[in-house]
Amino acid sequence: MSQPINAEELTVGKKAAIRLTVNGKSYELEIEPSRRLVDVLRCDLDLTGTKISCGVGRCGACMVLLDGKPFNSCLTMAYQCEGMRIETIEGIENKEITNAFLEEGALQCGYCTPGMVISLQGELEKNSHPTEEELKECLTGNICRCTGYGGIQRVLKRLEEERRKQ
Ligand code: FES
Ligand code: FES
């Protein structure tokens, strides 16, 4: 297991070598210390499913899983992810969540949807039978500017009911 890179060892303008596992694939990258994870994912790895909206940690559009936990990738520096396992929306194969969004009509422009799917996936990974309230709680960092939340509320109810039957 690799050691985290110490911020004090980083030099402005000098690249740092990092290793990441993204959606099960290993990468070795040379990055400037000032680069955010979201930019490395989108620009270097071409994983554009992770969105940037506010860019300052308020909307959740850029959410990814870091070692299974949801984080805003616009607030995460790439060097902080040395040796970590990252999952982006491209790596989420959970049809239970994505079908719920589609079948409940819980999206319009869809810009917020990858971040919401990631937050729900993170919750379901740690809690296989969440209550509707727990699912609602895990989306408190995700903002949708289109749907009015009615459809999203139906997604949560459906996920809770489906999990209760399992
Ligand atoms: S773009 Fe990261 S939280 Fe809004
Ligand atoms: S569907 Fe457009 S921001 Fe949520």
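The values are calculated or read from the model by the stated rules, or taken from the named source; none is laboratory data. Note that the coordinates shown come from a computational prediction; the quantities given were computed from them, not determined experimentally. For neighbour counting, all protein chains shown are included, and Cβ atoms are generated from backbone atoms with ideal geometry for every residue, glycine included. All accessible areas refer to the heavy atoms of the entire protein, side chains included, with ligands and DNA or RNA removed. Shrake-Rupley method; radii C 1.70, N 1.55, O 1.52, S 1.80 Å.
Annotations for the structure displayed:
- Count of residues meeting criterion [touching a strand residue (DSSP E or B) at 6+ places or on another chain (Cβ under 7 Å), more than 9 Å from ligand 1 (Cβ to nearest atom) and open to solvent by less than 20 Å² (accessible area, probe 1.4 Å)] in the stretch 61-75: 3
- Applying the condition of being surrounded by 16 or more Cβ atoms within 10 Å (Cβ to Cβ) and free of Cβ contacts under 8 Å to residues at least 60 places away in the same chain to the stretch 78-97 and asking which residue is nearest to ligand 1 (Cβ to nearest atom) yields ILE89.
The rows are residues; the columns are (1) touching a Pro at 6+ places or on another chain (Cβ under 8 Å); (2) free of Cβ contacts under 8 Å to residues at least 60 places away in the same chain.
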site: PHE101; (1), (2): no, yes
site: GLU104; (1), (2): no, yes
site: LEU107; (1), (2): no, yes
site: GLY115; (1), (2): no, no
site: GLU123; (1), (2): yes, yes
site: GLU133; (1), (2): no, yes
site: GLN166; (1), (2): no, yes
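- No other residue among GLY68, GLY24, GLY60 is among the small types (Gly, Ala, Ser), at positive phi and out of contact with any helix residue (DSSP H, G or I) (no Cβ under 6 Å at 6 or more places or on another chain) apart from GLY24.
- Complete set of residues in the stretch 124-166 that are over 20 Å from LEU65 (Cα atoms), open to solvent by 90 Å² or more (accessible area, probe 1.4 Å) and assigned to a helix (DSSP H, G or I): GLU133, ARG154, LYS157, ARG164, LYS165
- Considering residues of the stretch 98-119 that are within 16 Å of ligand 1 (Cβ to nearest atom) and open to solvent by less than 10 Å² (accessible area, probe 1.4 Å) only, the residue nearest to GLY148 (Cα to Cα): MET116
- Every residue from the stretch 22-60 that is surrounded by fewer than 16 Cβ atoms within 10 Å (Cβ to Cβ), in contact (Cβ under 8 Å) with a residue 60 or more places away in the chain and touching a Lys or Arg at 6+ places or on another chain (Cβ under 7 Å): none
- Within the stretch 38-65, the set of residues being in contact with a Ser or Thr (Cβ under 7 Å, 6 or more places away or on another chain) and either within 14 Å of ligand 2 (Cβ to nearest atom) or farther than 14 Å from GLY141 by Cα (or both) comprises VAL38, LEU41, ARG42, LEU47, GLY49, THR50, CYS59, GLY60, ALA61, CYS62, MET63.
- Filter result (within 16 Å of ligand 2 (Cβ to nearest atom) and not in a helix (DSSP H, G or I)) within the stretch 90-123: GLU104, GLY105, ALA106, LEU107, GLN108, CYS109, GLY110, TYR111, CYS112
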